[in-house]
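No value in this document is a laboratory result; all are computed from the given coordinates. The structure presented is a predicted model; accordingly, all values stated were derived computationally and were not measured. No Cβ is skipped: glycine too gets one built from the backbone with ideal geometry, and neighbour counts run over all protein chains shown.
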Amino acid sequence: MKYQPRVLIVEDESAIAELIAVNLRHNGFQPTWAEDGASAQRELDAVLPDVILLDWMLPGQSGVSLARKWRGDARTKAIPILMLTARGDEPDKVAGLDAGADDYITKPFSTQELLARIRAVLRRRAPEQVSDSVTIGELTLDAGTYRVTFQGAPLKVGPTEFKLLHYLMKHAERVHSRSQLLDKVWGDHVFIEERTVDVHVKRLREALGVAATMLETVRGAGYRITAQPQVSIQA
C-alpha cells in the first residue's frame, strides 16, 4: 500500500478544517485535526506528521508563536510548516516565514493550490540523493551526515537552509539570482515568491554566525558563496 503522508491541520474553524481534511483524504493524504495549540501539541507528542498546516489566528497561542516554538524543539524542527492566513500583507507573510514557516497560503485558496504547496514542501523535505561533502575555505557541508561545520565547530542549519547552502557551495563564487535559486533549490516554485529566498538567506546567515560573511549579496544580481569574502558586505 502506498504511503499516505500525515498532515496535521491546526485550524479553529471546524468547517474549514473539515473541507481541507476531505480534500486531503481524496488526494492520498492522512489528515489529523487540532483546533488549538494545546491539542496540536498532544498530536505531535503522539505521532509526528510529515507536514503541518498552521492557521495564523488561533485561540490561545497564535500560529506564529507555535511555529517559533516547534522550530526551537529538536523533535519537531525539521517538520515543514505551511501557514494558513487571511493576512495577505507583505509584513505578515515575512513575519510568518521569520517565525519558521516554510511557506504560507492566503485564504481563500483553491484545493489545487493547497495540494501543490504541500507537495512542494514535502519534496523539499525529501533527503538529497547525494552523500557528497563540499568544503569552501573553513566551511564544510556533508550531505551524507547532514552536518555543517565552520572551523571544525558544528552549525545548526534548518532543512531548507541546508539545501540552499549545499547548492551555493556546490557552485561557489558564482552569482545566483533569486529566480535561479527558486528553480534549483525549491524546484516547483510556481506558487513561491522571490521574497521567500531573501528570508531563507537571512535565516542561513544567522545559522552561519561568523561565517555569514562568506554569503554575499550582489546588488541587483543575487547571492553567492565565496571563500574570500569582502571586508564589508551589504545585506
Radius of gyration and maximum dimension Dmax of the stretch 133-225, Cα, Å: 12.5, 38
Förster radius 25 Å - calculated FRET efficiency between ALA78 and ALA38, Cβ distance, rounded to 0.05: 0.65
Stretchable slack from THR217 to SER65, in nm (0.36 nm times residue separation minus alpha-carbon distance): 51.8 nm
Neighbour count of at most 14 Cβ within 10 Å plus DSSP loop: longest trypsin sites (Lys or Arg not before Pro)-free window in the chain: 78-155
Set of the stretch 203-224 residues, backbone N closer than 18 Å to the point 7 Å along the Cα-Cβ line of GLN180: 214-224
Amide proton proximity set for TYR104, modelled H, under 5 Å, gap of 5+: MET83
Equivalent ellipsoid semi-axes - Cα gyration tensor, the stretch 6-125, angstrom: 18, 17, 15
Estimated dipole of the chain in Debye, rounded to 20 [Cβ of Lys and Arg +1, of Asp and Glu -1, Cα centre]: 600 debye
Extension gain from LEU48 to GLU113, taking 0.36 nm per residue of separation minus the Cα-Cα distance: 21.0 nm
Magnitude of the charge dipole, the stretch 133-225, Cβ model with Lys/Arg +1 and Asp/Glu -1, debye to 20: 60 debye
Estimated translational D of the chain in µm²/s (Stokes, Kirkwood radius over Cα pairs; 4 °C; 1.567 mPa s): 70 µm²/s
Chain lengthening between THR106 and ALA86 when straightened (0.36 nm per residue, less Cα-Cα): 6.7 nm
Per-pair calculated FRET efficiency, R0 = 30 Å: GLU193 and ALA227 via Cβ, rounded to 0.05: 0.45
Percent of beta bridges antiparallel (DSSP, the chain, rounded to nearest 5): 50 percent
Simple label model, 7 Å out from Cα along Cβ direction - ASP142 to VAL22, nm: 5.1 nm
Kyte-Doolittle at least 0.0, axis length at least 15 Å by Cα - qualifying DSSP helices, the chain: 14-26
Per-pair calculated FRET efficiency, R0 = 22 Å: GLU206 and HIS171 via Cβ, rounded to 0.05: 0.50
Relative contact order of the chain, defined on C-alpha pairs under 8 angstrom at six or more residues apart (%): 13 percent
